[in-house]
Amino acid sequence: MGPPAYGKNRPRFTPTVRLVLLSVVLAIAVVCFLFLFVRGSFAFAFPRRLNMLGAMAVAAFTHGLGTVVFHTVTNNRILTPSIIGFDSLYVLMQTLTVFFFGGTAIANTEGIPKLLAQTALMVALATILYRWMFSGKLGSLFLMLLVGVVIGLAFDSMSTFLQRLLSPTEYDMLSVKLFGRLSAVKGDYLPLAFAVCLFAGVILWKRRHHLDALLLGREAAMGLGVSYKRELTMMLVLIALLVAFSTALVGPMTFFGFVVATLAYQLAGSYRHVFVLPMAFLLGMLTLVLGQFVMQHIFYAGGFLTVIIEFVGGILFIGMILRKGTL
């Protein structure tokens, strides 16, 4: 399967121009988000908005780039990294914490050690799954995806069962953690988050040409001298790190990356990852910044942004399946 076609007619703007224009629009949106409609003390509001902007950048980077790379290595634009069960594992960990230690345990254990522990557990699960699936004779990418779906369903079933045993008060405390929460990210977490994004970004940028080769398919990539199995494993582990860290930091955002990646393919004007990856990040940031600005200052419902994104993403996901007729 070769690179996707982007239309027979020559695009009006080159991919570079599109990235520049989108960057300008994003810069304007960021300025509006930070400085407009400040009620009360600016010294109090500005750091909070700056922290939220940092959380948006982390979410846009991890989900946008992670989903694009996942689509590349799986050669499928409908599946998302959540298919491996990251969101389900996160929900199960939070549910187990409340079930065994009570609702106050979530607040009492907040901190970087908990963030690192959750990320390490999710990455370890993904790494074990990859090694198991690719080490045997019957190992394949599609078998790994199938096992990931089954594991995710098992985690969801366990979480649902345990949640039914919780008291209403404990369930209310748990439910706050089960949705994306851009406004709840602490500024102390952001330096570590930026370091993880920088580490992943450097690797992806250095291997952008390998990703272009993987987009052509296994045989074509190997014909171009790419070590398919090594690149595939490396990219999957990197995706696991990005999505797991973002899930542990911000919370589950199942369809956000899917929406951003789908828009990036349409607007990048090129199949090359040197354009698609930055486009996915910029679109993710613009979606979150504009969405939060509109929800917070027009509808006064800023906390519902991630819920609306998941709702729209779910509709888009179903529409893509119905249009293609297959995964």
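The values are calculated or read from the model by the stated rules, or taken from the named source; none is laboratory data. Keep in mind that what you see is a predicted model, and the values were worked out from it rather than measured. Note: ideal-geometry Cβ built from the backbone for every residue, glycine included; neighbour counts use all protein chains shown. Ligands, DNA and RNA are stripped out before the accessible areas are found, and what is left, the full protein with its side chains, is counted by its heavy atoms. Shrake-Rupley method; radii C 1.70, N 1.55, O 1.52, S 1.80 Å.
Before moving on, here are some points about what is shown:
- Where a residue in the range 142-156 is of a type in the set (S, T, N, Q) and its partner, wherever it lies, is part of a helix (DSSP H, G or I), with Cβ under 7 Å and at least six apart: none
- Of the helices (runs of 4 or more DSSP H) lying entirely inside the range 218-327, those carrying at least 3 residues that are in contact with a Phe, Trp or Tyr (Cβ under 7 Å, 6 or more places away or on another chain) are 218-223, 228-250, 273-297, 305-324.
Here is a yes/no grid of residues against (1) free of Cβ contacts under 8 Å to residues at least 60 places away in the same chain; (2) under 24 Å from Thr67 (Cα atoms); (3) touching a helix residue (DSSP H, G or I) at 6+ places or on another chain (Cβ under 7 Å):
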| residue | (1), (2), (3) |
| --- | --- |
| Pro81 | no, yes, yes |
| Leu89 | no, yes, yes |
| Gly102 | no, no, yes |
| Ile106 | no, no, yes |
| Leu115 | no, yes, yes |
| Ala120 | yes, yes, no |
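- Scoring Leu65 on the criteria (1) in contact with a helix residue (DSSP H, G or I) (Cβ under 9 Å, 6 or more places away or on another chain); (2) closer than 25 Å to Phe258 by Cα; (3) open to solvent by 30 Å² or more (accessible area, probe 1.4 Å) leaves a single failure, condition (3).
- Scanning the range 91-115 for residues that are modelled with pLDDT under 75 and touching a Leu at 6+ places or on another chain (Cβ under 9 Å), we see that the one that is farthest from Met235 (Cα to Cα) is Gly103.
- The residue that is most open to solvent (accessible area, probe 1.4 Å), counting only those in the range 195-217 that are outside any helix (DSSP H, G or I) and of a type in the set (A, V, I, L, M), is Leu216.
- Every residue from the range 263-273 that is touching a residue at least 40 places away in the same chain (Cβ under 8 Å) and either polar (S, T, N, Q) or open to solvent by 10 Å² or more (accessible area, probe 1.4 Å) (or both): Tyr265, Leu267, Gly269, Ser270, Tyr271, Arg272
- Out of Val260, Val226, Val250, Val185, one residue alone is surrounded by 20 or more Cβ atoms within 10 Å (Cβ to Cβ), without any contact (Cβ under 8 Å) to a residue 24 or more places away in the chain and touching a Leu at 6+ places or on another chain (Cβ under 9 Å). It is Val226.
- Residue in the range 116-130 that is under 25 Å from Val149 (Cβ atoms), crowded, with 19+ Cβ neighbours inside 10 Å and modelled with pLDDT of 80 or more present: yes
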